[in-house]
Amino acid sequence: MPQSQPQPLPHPDIVRPATFTVAHPSPRNVADPSPSSEEHKEQLATKWWTAEEFRSKGILCREGKYTESETECIRNVISEYMERHNMSEGDLLFGANRQLGFWAHITRALPQRRVGSVFGYVRRIYQPLKSGGKWSIEDDATLAQVVEMYGRDWDKVSEALER
């Protein structure tokens, strides 16, 4: 029988990929720690935790810039939801009677995103005053005048500046 050769040690400059570990293994959470776990997807869609809180519970979530396909998916889900419930964009996203289940509904379409992240992103992309463009020196002067008139009532300042 030939003797097996000892395996060479990896070069110290080679970085091995990190392994996923669960902080406190138990029969419940060892089964599927991957982000594709249905339980984890549901928690991402319904729990308003920070990314750090999810990571501390062993749940991976995607952070950072949204892709074009994610944005398109969000727009499609919102459009379908508005049509099904006979609602306008304003009623749905900014109205006092918005439904909290709506945010979980959108987030389920993006299974690796947190509901809080989706909420913030949707509010930004549908912001009705976001088309104000870059701030100019003239805008600074106008802002100073409007603040003199309204003080720090930012709703009135925003309305006067149309931003």
Query raised in the report: Counting only residues 5 or more places away or on other chains, whose amide H sits under 5 Å from the amide H of R114 once H atoms are built in the peptide plane?
Result: R62
**Report entry** Length gained when the stretch E42-T71 is fully extended (0.36 nm per residue, less Cα-Cα span)
**Finding:** 8.4 nm
Report summary line: On the formula 1/(1 + (r/R0)^6), with r taken between the Cβ atoms of E52 and E80 and R0 of 41 Å, the FRET efficiency rounded to 0.05 is 0.80
**Report entry** Formal net charge of residues neighbouring C73 (Cβ-Cβ distance under 15 Å; K, R +1; D, E -1)
**Finding:** +2
Query raised in the report: Using the Karplus equation 6.51 cos²θ - 1.76 cosθ + 1.60 (θ = phi - 60°), what ³J(HN,Hα) coupling, rounded to whole Hz, does each residue of the range 143-150 give in order, writing x for Gly and Pro?
Result: 4, 4, 5, 5, 5, 4, 6, 9
Query raised in the report: If the cut-off is 25 Å between C-alpha atoms, which lysines fall inside it for K57, apart from same-chain ones fewer than 8 positions away?
Result: K41, K47, K65
Query raised in the report: Which of the lysines could be linked to K156 by a straight reach, that is with a Cα gap under 19 Å, when you skip same-chain ones fewer than 8 residues away?
Result: K130
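Rule-based calculations on the coordinates, nothing more; no lab input. Bear in mind the structure is a predicted one, so any value in this text is a computation, not a measurement. Note that each Cβ is placed from the backbone with ideal geometry, even for glycine, and that neighbours are counted across all protein chains shown.
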